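Q: One structure follows; several queries about it will come next.
Just so it is clear, none of the values below were taken in a lab; they were calculated from the coordinates. Please read all numbers here as calculations on a predicted model, not as lab measurements. Here Cβ is always computed from backbone atoms with ideal geometry, including for glycine, and neighbour counts include all displayed protein chains.
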Amino acid sequence: MDPREALRRHFGHDDFRPGQEAAVSRLLSGRSVLALFPTGAGKSLCYQLPALLLEGLTLVVSPLIALMKDQVESLHARGVAAARLDSTLERDELESVHRRLEAGELRLLYVSPERLANEAFRRRLQRCRIDLFAVDEAHCLSEWGHNFRPDYLRLPAVARSLRAGRVLALTATATPRVAADIRERFGIAPGDQVQTGFSRPNLRYRVHPCPEAERDARLVALMRENGASPAIVYTTRQETAERVAGVLRRSGLAARAYHAGMRDDHRAEVQDGFMSGAVPAVVATIAFGMGVDKADIRRVVHYNLPKSLENFAQESGRAGRDGAAATCDLLACADDLTVLENFVYGDTPSPAALKSLVEHVLLQGERFSVSRYELSQSRDIRQTVVETALTYLELDGIVEATGAHHAGSEVRLLRSLDEALAGASPECASLLRRLFETGRRGRVWQRFDHAESAAALGLGEMEVRRALEDLAAQGDAVLRRWGLRHGYRLVPGGERSVAVAAARLAERFADREAGEIARLRSVVDLCEGGACIPQQLLDYFGEESPACGRCGACLGEHRGGALPATRRSRLTLDDAALVSQAKSWNEPALRTPRQLARFLCGLSSPATVRSGLVRNDLFGALAEIPFLEVLGQAEA
């Protein structure tokens with residue numbers, strides 16, 4: 001079928017949007033493509049349409065469960081055989097998707113990047129013909145990108161192992177360096193990069209330099225302008241989102257907070273209200289917006305400095321997706337830099353912690369599993385940083401992921417065990433009776449360690465898991481899992497020296513830290529430069545453009561210059577005394593200078609949370625001081 005005919009028949013469009021036809025035609029001719037389209041430009045059609053015209057399966061990798069659900073539902077409505085595999089599916093739903101996959105009934109399958117770490121699932125996919133391997137949010141692959149995700153690093157190797165016919169990498173934000181990195185990793189020719197441009201002529205950008213004390217009043221004034229809603233106001237911290245939403249409400253402006261610290265049902269209520277128009281303004285951390293498809297947002301305000309120009313472009317780009325005029329405001333205050341820089345420095349693990357982690361991994365044996373949570377707790381490294389370190393070891397050819405499993409299950413019987421087993425076969429009933437003798441009884445739940453139960457019964461762990469899952473599937477019990485563990489194997493011929501592997505890890509984290517700080521400085525340069533704001537953004541993304549003539553800089557509303565700053569940024573003698581006081585406690589959770597600096601700068605860690613130190617009066621006492629200043633004093 002001709003692509004245009006397929007576009008009309010399946011999607012109801014008479015013509016392609018800019019860039020779509022070029023991407024689709026290249027894919028249909030067997031070439032891999034990098035598509036750089038701005039937010040809302042129709043990236044998904046670039047894999048959905050070829051999926052209908054290619055013979056094999058189109059595998060779509062996306063980090064957004066909400067996007068998977070929405071797109072699969074939309075494709076079902078169009079009569080397209082599509083499915084998703086994510087953590088929200090029940091076992092019978094999961095098995096149904098697997099059956100359809102093996103029967104060749106699916107045109108598109110959406111999966112998370114984490115699922116592709118499962119060795120058994122990869123083997124299942126290897127039995128399928130995968131004609132298109134599509135990667136959404138492809139900038140997450142690059143260590144030079146603004147939103148690096150460790151699980152993305154293995155995707156190029158996975159695509160090769162699955163013998164995918166062609167690859168489509170999609171992103172709305174990539175600098176020339178990041179784009180080149182994506183192309184190199186996926187083997188995409190420079191001529192097969194389709195870029196429509198990041199220019200959004202309907203967006204008017206304004207930078208408002210203002211001291212911290214004036215930000216609330218300036219925000220209220222902006223939100224009272226005509227056409228100020230629907231609106232999103234972005235903040236750095238969760239507590240700032242709550243406070244600023246309160247400021248707007250007390251000023252007579254309807255607003256709700258949204259952040260990752262809220263209960264799931266409260267977040268859903270806010271998001272649903274915003275989508276329906278019942279909530280005209282949301283004050284949020286960057287947890288809000290990914291996968292939110294609302295075309296008529298009229299204003300995006302950055303109450304705090306964004307952490308990179310990529311974030312600024314992506315978050316501001318959620319305004320005016322309907323093509324109508326919209327405004328993007330940035331309340332620029334240099335006081336934000338300390339908090340943003342401290343987040344970066346505080347995440348970097350110490351060389352000693354990295355060496356301990358590598359030692360643990362290399363001494364486990366040829367095949368092993370680890371709990372990222374336990375590694376995080378024992379090495380006092382945030383869990384996402386542990387995940388990054390393990391993935392770096394994969395990238396360096398030291399380990400290979402084999403999949404994730406749970407160490408155990410907890411079971412709550414809904415009726416007596418005798419009643420639950422009444423209709424079971426004698427063999428099944430005998431197995432479950434012996435299995436329940438291996439569990440630890442609580443008041444309501446019975447806890448099973450899969451390895452211990454398997455050893456006691458002379459079975460495999462999979463048989464134990466399956467027996468408990470079958471009991472729950474029959475409606476006789478409620479099952480919940482505990483102890484997520486990730487399996488690995490040592491790669492033959494890989495590095496075995498702890499010192500060498502740890503030094504390489506430390507170098508990677510140092511490079512990443514420097515990159516994050518450089519991205520933050522690029523935001524300050526944009527605010528202080530005084531040149532056309534869209535022109536500066538486009539230059540950052542490798543495009544040339546004349547001045548827009550409409551932004552705050554072009555209209556003379558902002559002429560550049562140093563951003564206002566009111567906070568102190570150097571240690572005083574009193575501050576040094578606080579460092580000495582915290583040292584004198586000899587607290588195990590603060591035994592290294594980096595741990596001490598994180599604590600005083602208000603950056604929680606597994607050890608400070610576990611010990612209750614986050615409730616101590618000195619926690620965050622030096623939050624306004626640059627992390628490196630505090631670290632230097634702690635090392636003195």
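Q: Report the net charge of residues surrounding residue 493, where surrounding means a beta-carbon distance below 15 angstrom and charges are Lys +1, Arg +1, Asp -1, Glu -1.
A: Surrounding charge for residue 493 is -3.
Q: Report Rg (one decimal) and Dmax (nearest whole number) for segment 495-636, counting Cα atoms only, units Å.
A: For segment 495-636, the Cα radius of gyration and maximum Cα-Cα distance read 21.0, 61 Å.
Q: Amide H of residue 302 versus every other amide H placed in the peptide plane: which residues, excluding those fewer than 5 positions away on the same chain, fall under 5 Å?
A: Amide H neighbours of residue 302: 234, 329, 330, 331.
Q: Report the one residue of 253, 202, 165 whose Cα lies farthest in the direction of the positive end of the charge dipole of the chain (charges on C-beta: Lys and Arg +1, Asp and Glu -1; origin at the Cα centre).
A: 165
Q: Place +1 on the Cβ of every Lys and Arg and -1 on the Cβ of every Asp and Glu in the chain, take the dipole about the Cα centre, and give the residue among 6, 622, 538 whose Cα lies farthest towards its positive end.
A: Final value for the positive-end residue is 6.
Q: How large is the dipole of segment 3-195 about the Cα centre if only Lys and Arg carry +1 and Asp and Glu carry -1, each at its Cβ, rounded to the nearest 20 debye?
A: With only Lys, Arg, Asp and Glu charged at Cβ, the dipole is about 480 debye.
Q: Given Cβ point charges of +1 (Lys, Arg) and -1 (Asp, Glu) and nothing else, what value in debye, to the nearest 20, does the dipole of the chain about its Cα centre take?
A: Dipole magnitude for the chain comes out near 340 debye.
Q: Out of residues 5 or more away from residue 481 or on other chains, whose amide H comes under 5 Å of its own, with H placed 1.01 Å from N in the peptide plane?
A: 410
Q: Quick one: check the C-alpha center-to-center distance for segment 339-391 versus segment 185-255, whole angstrom.
A: Here the answer is 34 Å between Cα centres.
Q: How big is the shadow of the Cα convex hull of segment 79-196, averaged over all directions, in nm²?
A: Quarter of the Cα hull surface area: 8.2 nm².
Q: Using just the C-alpha positions of segment 213-371 as equal point scatterers, what log10 of I(q)/I(0) does the Debye formula give at each q in 0.09, 0.13, 0.18, 0.21 1/Å?
A: Values returned for q = 0.09, 0.13, 0.18, 0.21 Å⁻¹ are -0.38, -0.65, -1.05, -1.40.
Q: Give me the extension gain from residue 525 to residue 635: residue separation times 0.36 nm, minus the current Cα-Cα distance, reported in nm with one decimal.
A: Between residue 525 and residue 635, full extension yields 36.4 nm more.
Q: Which value in nm describes the separation of the simple spin-label points at residue 322 and residue 127, placed 7 Å from the Cα toward the beta carbon?
A: The answer from the label model is 4.9 nm.
Q: Counting other beta carbons within 10 Å of each residue's own, what order do 89, 27 fall into, fewest first?
A: If I rank by nearby Cβ atoms, fewest first, I get 89, 27.
Q: Could you tell me which trypsin sites (Lys or Arg not before Pro) in segment 426-498 are loop residues by DSSP with no more than 16 other beta carbons within 10 angstrom of their beta carbon?
A: Details: sites: 433, 434, 440, 441, 443, 447, 465, 466, 480, 481, 485, 489, 496; in loops: 443, 496.
Sparse-neighbourhood loop trypsin sites (Lys or Arg not before Pro): 443, 496.
Q: Through the Karplus equation 6.51 cos²θ - 1.76 cosθ + 1.60, θ set to phi - 60°, convert the phi angles of segment 172-181 into ³J(HN,Hα) values in whole Hz; use x for Gly and Pro.
A: 9, 9, 7, 6, x, 5, 5, 4, 5, 5
Q: As I understand it, the dipole of the chain uses +1 on the Cβ of Lys and Arg and -1 on the Cβ of Asp and Glu, about the Cα centre. Which of 468, 63, 300 lies farthest toward its positive end?
A: The Cα lying farthest towards the positive end belongs to 468.
Q: Amide H of residue 169: which non-local residues (sequence gap of 5 or more, or other chain) have their own amide H closer than 5 Å, using H built in the peptide plane?
A: 33, 34, 35, 135
Q: While we're on this one: Could you size up the charge dipole of segment 405-488 around its Cα centre, putting +1 on the beta carbon of Lys and Arg and -1 on that of Asp and Glu, and report it in debye to the nearest 20?
A: 380
Q: Which parts of segment 95-120 would a label at residue 364 reach, counting a residue when its backbone N lies under 14 Å from a point 7 Å out along Cα-to-Cβ?
A: So the set is 118-119.
Q: Another question, then. When only C-alpha pairs under 8 Å and at least 6 residues apart count, what is the relative contact order of segment 168-312, in percent?
A: For segment 168-312, the relative contact order is 28 percent.
Q: Ok, one more. Mind listing the phi-derived Karplus ³J(HN,Hα) values for segment 389-406, rounded to whole Hz, using 6.51, -1.76 and 1.60 with θ = phi - 60°, and x for any glycine or proline?
A: In residue order, the calculated couplings are 4, 5, 6, 4, 5, 5, 4, 7, x, 9, 10, 9, 6, 10, x, 10, 8, 9 Hz.
Q: Normalised by the number of residues in the chain, what is the relative contact order in percent for Cα pairs under 8 Å and 6+ residues apart? The partial results should precede the final answer.
A: Values: 1073 pairs, mean separation 86.6, N = 636.
With pairs under 8 Å counted, the relative contact order is 14 percent.
Q: Just want to confirm a number: the relative contact order over segment 3-195, from Cα pairs under 8 angstrom separated by 6+ residues, in percent.
A: Over segment 3-195, the number comes to 30 percent.
Q: OK, next. Could you give the distance between the Cα centres of segment 1-41 and segment 544-599, to the whole Å?
A: Here the answer is 46 Å between Cα centres.
Q: Still on this structure: For 286, 398, what ranking results if the residue with the fewest other Cβ atoms within 10 Å of its Cβ goes first?
A: With the sparsest Cβ surroundings first, the list reads 286, 398.
Q: Find the Cα radius of gyration of segment 405-488, compare it with 2.2 N^0.38 Å by division, and give the number to two decimals.
A: 1.03
Q: Could you list 624, 102 so that the one with the fewest beta carbons within 10 Å of its beta carbon is first and the one with the most is last?
A: Going from least to most buried by this count: 102, 624.
Q: Could you tell me what % of all Cα pairs in segment 573-635 have separations over 13 Å?
A: 53
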